[in-house]
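Below is one structure; the comments refer to it alone.
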Amino acid sequence: MTKFYGIDNQTKSKRFAAFMMGVTKGNNGKETQNGGRDISLFMQKGIMRVLYVLLTWFLLHVLVVTIDGLNDEIHHADVGVVLGNKVEQDGTPSDRLKSRLEKAVELYRDGYLSYILVSGGIGIEGYDEAKVMKSYLVQKGIPADRIMVDSEGVNTRATAQNSRKMMDAMGLQSVIVITQFYHISRTKLAFHQVGYDSVYSAHADYFEWRDCYSLFREFFAYYKYLFHMSE
(Lines give C-alpha, C1' and ligand atoms only; values in the text may rest on other atoms or scores of the structure.)
Protein backbone atom coordinates (compact mmCIF):
# COMPACT_ATOMS: atom_id res chain seq x y z
CA MET A 1 0.00 0.00 0.00
CA THR A 2 1.36 3.37 -1.06
CA LYS A 3 2.09 5.84 1.67
CA PHE A 4 2.46 9.58 1.35
CA TYR A 5 4.24 11.45 4.12
CA GLY A 6 3.40 8.66 6.50
CA ILE A 7 -0.29 8.42 5.61
CA ASP A 8 -1.51 5.66 3.34
CA ASN A 9 -3.95 6.35 0.48
CA GLN A 10 -6.80 4.47 2.13
CA THR A 11 -6.60 6.64 5.22
CA LYS A 12 -6.47 9.77 3.12
CA SER A 13 -9.54 8.63 1.17
CA LYS A 14 -11.51 8.04 4.34
CA ARG A 15 -10.57 11.45 5.70
CA PHE A 16 -11.53 13.14 2.43
CA ALA A 17 -14.89 11.33 2.38
CA ALA A 18 -15.58 12.35 5.98
CA PHE A 19 -14.65 15.95 5.13
CA MET A 20 -17.03 16.01 2.14
CA MET A 21 -19.87 14.55 4.23
CA GLY A 22 -19.37 17.29 6.78
CA VAL A 23 -19.52 19.95 4.09
CA THR A 24 -22.69 18.43 2.67
CA LYS A 25 -24.35 18.31 6.08
CA GLY A 26 -23.36 21.90 6.72
CA ASN A 27 -24.83 23.04 3.41
CA ASN A 28 -28.04 21.12 4.06
CA GLY A 29 -28.35 22.81 7.44
CA LYS A 30 -27.90 26.22 5.90
CA GLU A 31 -30.48 25.44 3.19
CA THR A 32 -32.96 24.28 5.81
CA GLN A 33 -32.36 27.41 7.87
CA ASN A 34 -32.69 29.65 4.82
CA GLY A 35 -35.85 27.82 3.78
CA GLY A 36 -37.39 28.41 7.21
CA ARG A 37 -36.55 32.09 7.00
CA ASP A 38 -38.14 32.35 3.53
CA ILE A 39 -41.38 30.76 4.77
CA SER A 40 -41.50 33.05 7.81
CA LEU A 41 -40.89 36.12 5.63
CA PHE A 42 -43.58 34.99 3.20
CA MET A 43 -46.11 34.58 6.04
CA GLN A 44 -45.25 37.99 7.47
CA LYS A 45 -45.78 39.62 4.08
CA GLY A 46 -49.07 37.78 3.68
CA ILE A 47 -50.32 38.95 7.07
CA MET A 48 -49.30 42.54 6.29
CA ARG A 49 -51.20 42.42 2.99
CA VAL A 50 -54.33 41.13 4.73
CA LEU A 51 -54.09 43.83 7.40
CA TYR A 52 -53.61 46.47 4.72
CA VAL A 53 -56.71 45.28 2.86
CA LEU A 54 -58.79 45.24 6.05
CA LEU A 55 -57.62 48.71 7.07
CA THR A 56 -58.37 50.09 3.61
CA TRP A 57 -61.80 48.45 3.69
CA PHE A 58 -62.51 49.94 7.13
CA LEU A 59 -61.41 53.46 6.14
CA LEU A 60 -63.43 53.39 2.92
CA HIS A 61 -66.48 52.17 4.82
CA VAL A 62 -66.15 54.94 7.40
CA LEU A 63 -65.80 57.50 4.61
CA VAL A 64 -68.90 56.26 2.78
CA VAL A 65 -70.95 56.10 5.99
CA THR A 66 -69.91 59.63 6.95
CA ILE A 67 -70.75 61.06 3.52
CA ASP A 68 -74.06 59.19 3.43
CA GLY A 69 -74.96 60.32 6.94
CA LEU A 70 -74.13 63.99 6.45
CA ASN A 71 -75.89 64.31 3.10
CA ASP A 72 -79.57 64.44 4.02
CA GLU A 73 -82.22 63.11 1.65
CA ILE A 74 -85.20 65.18 2.65
CA HIS A 75 -88.51 64.68 0.84
CA HIS A 76 -92.14 64.96 1.82
CA ALA A 77 -92.93 61.76 3.69
CA ASP A 78 -95.81 60.25 5.59
CA VAL A 79 -93.70 59.54 8.67
CA GLY A 80 -90.47 60.72 10.22
CA VAL A 81 -89.04 57.96 12.41
CA VAL A 82 -86.92 59.20 15.32
CA LEU A 83 -84.73 56.51 16.81
CA GLY A 84 -84.35 56.50 20.57
CA ASN A 85 -81.30 57.19 22.67
CA LYS A 86 -80.31 57.87 26.25
CA VAL A 87 -82.70 59.50 28.72
CA GLU A 88 -81.05 61.33 31.63
CA GLN A 89 -81.54 60.39 35.29
CA ASP A 90 -84.04 63.25 35.70
CA GLY A 91 -86.21 61.85 32.92
CA THR A 92 -85.30 64.39 30.25
CA PRO A 93 -83.85 63.47 26.83
CA SER A 94 -80.07 63.54 26.55
CA ASP A 95 -78.57 66.20 24.29
CA ARG A 96 -78.05 63.59 21.61
CA LEU A 97 -81.69 62.55 21.75
CA LYS A 98 -82.88 66.16 21.87
CA SER A 99 -81.00 66.87 18.66
CA ARG A 100 -82.91 64.08 16.91
CA LEU A 101 -86.22 65.35 18.23
CA GLU A 102 -85.39 68.93 17.23
CA LYS A 103 -84.70 67.75 13.70
CA ALA A 104 -88.10 66.05 13.63
CA VAL A 105 -89.79 69.23 14.90
CA GLU A 106 -88.02 71.24 12.20
CA LEU A 107 -89.14 68.88 9.43
CA TYR A 108 -92.72 68.76 10.73
CA ARG A 109 -92.98 72.54 10.92
CA ASP A 110 -91.53 72.85 7.43
CA GLY A 111 -94.27 70.59 6.11
CA TYR A 112 -92.14 67.56 5.27
CA LEU A 113 -93.84 65.17 7.71
CA SER A 114 -97.44 64.16 8.31
CA TYR A 115 -96.60 62.08 11.38
CA ILE A 116 -93.65 61.58 13.71
CA LEU A 117 -92.97 58.08 15.01
CA VAL A 118 -90.80 57.90 18.13
CA SER A 119 -89.19 54.54 18.81
CA GLY A 120 -87.16 53.29 21.76
CA GLY A 121 -87.00 50.83 24.61
CA ILE A 122 -86.58 51.00 28.36
CA GLY A 123 -83.11 52.38 29.10
CA ILE A 124 -80.90 51.51 32.06
CA GLU A 125 -82.21 54.67 33.74
CA GLY A 126 -85.64 53.01 33.83
CA TYR A 127 -87.51 55.39 31.50
CA ASP A 128 -89.56 54.51 28.44
CA GLU A 129 -87.60 56.38 25.77
CA ALA A 130 -90.52 56.61 23.36
CA LYS A 131 -92.85 58.17 25.95
CA VAL A 132 -90.19 60.66 27.00
CA MET A 133 -89.71 61.56 23.35
CA LYS A 134 -93.42 62.06 22.79
CA SER A 135 -93.68 64.30 25.87
CA TYR A 136 -90.81 66.43 24.56
CA LEU A 137 -92.46 66.79 21.14
CA VAL A 138 -95.78 67.78 22.66
CA GLN A 139 -93.99 70.47 24.67
CA LYS A 140 -92.56 71.71 21.39
CA GLY A 141 -96.03 72.13 19.95
CA ILE A 142 -96.43 68.92 17.95
CA PRO A 143 -100.06 67.67 18.17
CA ALA A 144 -100.28 64.47 20.22
CA ASP A 145 -102.44 62.81 17.58
CA ARG A 146 -99.60 63.27 15.07
CA ILE A 147 -97.14 61.33 17.20
CA MET A 148 -96.90 57.55 16.91
CA VAL A 149 -95.26 55.71 19.81
CA ASP A 150 -93.23 52.50 19.61
CA SER A 151 -92.03 51.47 23.06
CA GLU A 152 -90.52 48.22 21.79
CA GLY A 153 -87.84 49.70 19.56
CA VAL A 154 -85.04 48.09 21.54
CA ASN A 155 -82.65 48.24 18.60
CA THR A 156 -82.50 49.54 15.04
CA ARG A 157 -83.88 46.36 13.49
CA ALA A 158 -86.79 46.27 15.92
CA THR A 159 -87.57 49.92 15.15
CA ALA A 160 -87.70 49.15 11.42
CA GLN A 161 -89.94 46.12 11.93
CA ASN A 162 -92.30 47.88 14.33
CA SER A 163 -92.47 50.99 12.15
CA ARG A 164 -93.48 48.86 9.19
CA LYS A 165 -96.32 47.23 11.12
CA MET A 166 -97.62 50.50 12.53
CA MET A 167 -97.42 52.34 9.24
CA ASP A 168 -99.07 49.52 7.29
CA ALA A 169 -101.94 49.54 9.79
CA MET A 170 -102.53 53.24 9.01
CA GLY A 171 -101.89 53.01 5.28
CA LEU A 172 -98.72 55.10 5.50
CA GLN A 173 -95.88 54.36 3.09
CA SER A 174 -93.05 56.88 2.81
CA VAL A 175 -90.51 57.40 5.57
CA ILE A 176 -87.64 59.61 6.69
CA VAL A 177 -85.32 58.21 9.34
CA ILE A 178 -83.84 60.65 11.85
CA THR A 179 -80.76 59.78 13.88
CA GLN A 180 -77.03 60.59 14.22
CA PHE A 181 -75.04 60.75 10.99
CA TYR A 182 -73.01 57.61 11.71
CA HIS A 183 -76.21 55.65 12.28
CA ILE A 184 -77.98 56.65 9.05
CA SER A 185 -76.58 53.96 6.71
CA ARG A 186 -77.41 51.04 9.00
CA THR A 187 -80.85 52.46 9.74
CA LYS A 188 -81.65 52.78 6.05
CA LEU A 189 -80.41 49.23 5.53
CA ALA A 190 -82.73 47.95 8.26
CA PHE A 191 -85.71 49.74 6.70
CA HIS A 192 -84.86 48.42 3.24
CA GLN A 193 -84.77 44.93 4.70
CA VAL A 194 -88.36 45.21 5.94
CA GLY A 195 -89.62 46.19 2.49
CA TYR A 196 -89.18 49.93 1.98
CA ASP A 197 -87.89 50.76 -1.49
CA SER A 198 -87.07 54.39 -0.72
CA VAL A 199 -85.83 55.48 2.67
CA TYR A 200 -85.04 59.17 3.13
CA SER A 201 -82.85 60.46 5.91
CA ALA A 202 -81.96 63.48 8.05
CA HIS A 203 -79.13 63.60 10.55
CA ALA A 204 -79.25 65.28 13.95
CA ASP A 205 -77.15 68.44 14.26
CA TYR A 206 -75.13 67.22 17.21
CA PHE A 207 -71.51 66.11 17.18
CA GLU A 208 -69.12 64.91 19.88
CA TRP A 209 -65.81 63.07 20.20
CA ARG A 210 -67.70 59.89 20.99
CA ASP A 211 -68.76 59.83 17.34
CA CYS A 212 -65.29 58.47 16.47
CA TYR A 213 -65.94 55.40 18.59
CA SER A 214 -69.47 55.14 17.18
CA LEU A 215 -68.09 55.09 13.62
CA PHE A 216 -65.79 52.23 14.62
CA ARG A 217 -68.65 50.30 16.18
CA GLU A 218 -70.96 50.92 13.23
CA PHE A 219 -68.51 49.20 10.89
CA PHE A 220 -69.18 45.87 12.57
CA ALA A 221 -72.87 46.57 13.24
CA TYR A 222 -73.53 47.36 9.58
CA TYR A 223 -72.24 44.02 8.32
CA LYS A 224 -74.02 42.25 11.13
CA TYR A 225 -77.27 43.66 9.72
CA LEU A 226 -76.22 43.12 6.12
CA PHE A 227 -75.78 39.39 6.70
CA HIS A 228 -78.91 39.18 8.90
CA MET A 229 -77.01 38.13 11.99
CA SER A 230 -78.89 38.21 15.29
CA GLU A 231 -78.47 41.08 17.75
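Give the residue that is farthest from ASN85 (Cα to Cα), with candidates limited to residues of the range 206-220 that are in contact (Cβ under 8 Å) with a residue 40 or more places away in the chain and surrounded by 14 or more Cβ atoms within 10 Å (Cβ to Cβ). Applying the filter and picking the extreme gives PHE219. When you look at LEU107, is it part of a helix (DSSP H, G or I), hydrophobic (A, V, I, L, M, F, W, C) and in contact (Cβ under 8 Å) with a residue 60 or more places away in the chain, yes or no? Yes; evaluated as a whole, the condition is true for this residue.
Of everything listed in (1) closer than 21 Å to ARG186 by Cβ; (2) outside any helix (DSSP H, G or I); (3) in contact (Cβ under 8 Å) with a residue 40 or more places away in the chain, the single unmet condition for ASP78 is (1). Scanning the range 188-231 for residues that are acidic (Asp, Glu), in a helix (DSSP H, G or I) and either within 20 Å of VAL154 (Cα to Cα) or at pLDDT below 95 (or both) yields a count of 1. In the range 119-155, the residue that is surrounded by the most Cβ atoms within 10 Å (Cβ to Cβ) out of those that are aliphatic (A, V, I, L, M) and part of a loop (DSSP other than H, G, I, E, B) is ILE142. Taking the criterion of being under 26 Å from ASP95 (Cβ atoms), part of a helix (DSSP H, G or I) and modelled with pLDDT of 95 or more, would at least one residue in the range 164-180 satisfy it? Scanning the range 164-180, I find no residue that is under 26 Å from ASP95 (Cβ atoms), part of a helix (DSSP H, G or I) and modelled with pLDDT of 95 or more, so the answer is no. How many residues are surrounded by fewer than 17 Cβ atoms within 10 Å (Cβ to Cβ) and among the basic types (Lys, Arg) when one looks only at the range 99-118? Within the range 99-118, residues that are surrounded by fewer than 17 Cβ atoms within 10 Å (Cβ to Cβ) and among the basic types (Lys, Arg) number 1.
Let's see how each residue does on (1) within 20 Å of PHE207 (Cβ to Cβ); (2) among the polar types (S, T, N, Q); (3) more than 23 Å from the chain's Cα centre (by Cα):
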site	(1), (2), (3)
TRP57	no, no, no
VAL64	yes, no, no
ASN85	yes, yes, no
THR92	no, yes, yes
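Of all residues in the range 52-75, those that are free of Cβ contacts under 8 Å to residues at least 60 places away in the same chain have Cβ atoms under 9 Å from Cβ atoms of residues that are small (Gly, Ala, Ser), 6 or more apart or on another chain, in ASN71/SER201. The single condition among (1) more than 24 Å from ILE74 (Cα to Cα); (2) in contact with a helix residue (DSSP H, G or I) (Cβ under 8 Å, 6 or more places away or on another chain); (3) of a type in the set (Ser, Thr, Tyr) that TYR136 does not satisfy is (1).
Only one of the numbered conditions (1) in a helix (DSSP H, G or I); (2) at pLDDT 95 or above; (3) closer than 20 Å to PHE219 by Cβ is not met by ASN85, and that is (1).
The values are calculated or read from the model by the stated rules, or taken from the named source; none is laboratory data. Source: prediction; values computed, not measured. Glycine also receives a Cβ, built like all others from the backbone with ideal geometry; neighbour counts cover every protein chain displayed.
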